[in-house]
Structure formats: C-alpha cells, structure tokens
Amino acid sequence: MLSDIQLQLLQWAGKGYCCSQIMVGVALEFSGIENPQLLRAAEGLCSGMSNCSGTCGLLTGGSLLLGLYAGHDAETEEKDEKLPVLLESFTDWFTQKTAEEHGGISCGQILGESCDAPVPDASKCGNLLAESFTYIETLLTEYGYDITAIKE
C-alpha cells in the first residue's frame, strides 16, 4: 500500500512534473505557496540536467528544497549556518543510497535505458523519490524547520 506522501508524489508525476520539480512542488504545496516561476526553474534540473549523465534531479531538486528553508537573501538576511550541514547530510545519504542500489548518482545510472522519459519512471524512481522527500522532511524537523513553513 502506498503512503500518503507516495500518493502525493505520484499525483505530481502524473501531471507531468519531473523529480526536481516534484521535490520543490510538494514542499510549496505543504506551505500553501504558489510559485510557478520556481517550478519552471526547477525543470532545468530534470533528467540529469537534460542529458541523463548529470546528477539526478532528486539530489539537485532536494538541495534546492533545502535552500527554500535554510537559504538566505544576501541583501536582507544573515546566512543560516545550518544549510551546509543539511546539504552535506542529504548528499551523503543520497550518494550512499544510490551507490548501493544503482551504482551512482546520475540520472542515467538510476534510470538506465529509460532515462529519456519526460517524467519519473515510477517503477525505478518512485521509492527513491518518496524516500528522498521523507529523508529531507525528517532532516528539516531534526534541525528545527517546519516543512509547512517555507521562508517568504
């Protein structure tokens, strides 16, 4: 049986969003924020930055997601010292997870021959997508961030 988060992620994939867009989009949805510009920008990270040999959109989109909570506007905010720790933790977890299961962090290594698909391959990406989002949600909570409260 699929969890609530897995169903929500699959709904986004069913609308045609890629992994990086889904990571950001679900967080925006949790926060009640609409930001079509950010969703469009996240498409630049899709499919290993479009050639399948680049880094998986779950890692790059997840990093973007962490920046939504711990990033700063250099003109108006102080740098959040937790961001490098959050990024390192997620990157280490993702690198280890994909090395064991797929042989690396590139979109092509994870998807194999089906890498050219415009949306995530649910059979290959679905669990990794859900696990990545859940890991980030847990990480954010551990460091005192509320997944429903993206900084504005």
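Things to note:
- Residue, surrounded by the most Cβ atoms within 10 Å (Cβ to Cβ), within the range 51-78, restricted to residues that are over 13 Å from the mean Cα position of the chain (by Cα) and within 16 Å of Ile105 (Cβ to Cβ): Cys52
- Within the range 19-45, residues that are without any contact (Cβ under 8 Å) to a residue 12 or more places away in the chain sit with their Cβ atoms under 6 Å from residues that are in a helix (DSSP H, G or I), at 6+ positions apart or across chains, in these pairs: Asn35/Leu28.
- Any hit, the range 104-115, residues being of a type in the set (D, E, K, R), more than 20 Å from Gln21 (Cβ to Cβ), touching a Ser or Thr at 6+ places or on another chain (Cβ under 9 Å) and in a helix (DSSP H, G or I): no
- Residue count, the range 1-43 (criterion: of a type in the set (A, V, I, L, M) and either in a loop (DSSP other than H, G, I, E, B) or touching a His at 6+ places or on another chain (Cβ under 9 Å) (or both)): 3
- Search result, residues across the range 44-73 that are part of a helix (DSSP H, G or I), closer than 22 Å to Lys97 by Cβ and of a type outside the set (A, V, I, L, M): Cys46, Ser47, Gly48, Gly57, Thr60, Gly61, Gly62, Ser63, Gly67, Tyr69
- Residues of the range 133-152 that turn out to be outside any loop (DSSP other than H, G, I, E, B), more than 12 Å from Ala27 (Cα to Cα) and at pLDDT below 95, as a count: 0
The values are calculated or read from the model by the stated rules, or taken from the named source; none is laboratory data. Predicted model only: the values in this text are computed from it and were never measured. Positions of Cβ are generated from backbone atoms using ideal geometry, with glycine treated the same way; all protein chains shown enter the neighbour counts.
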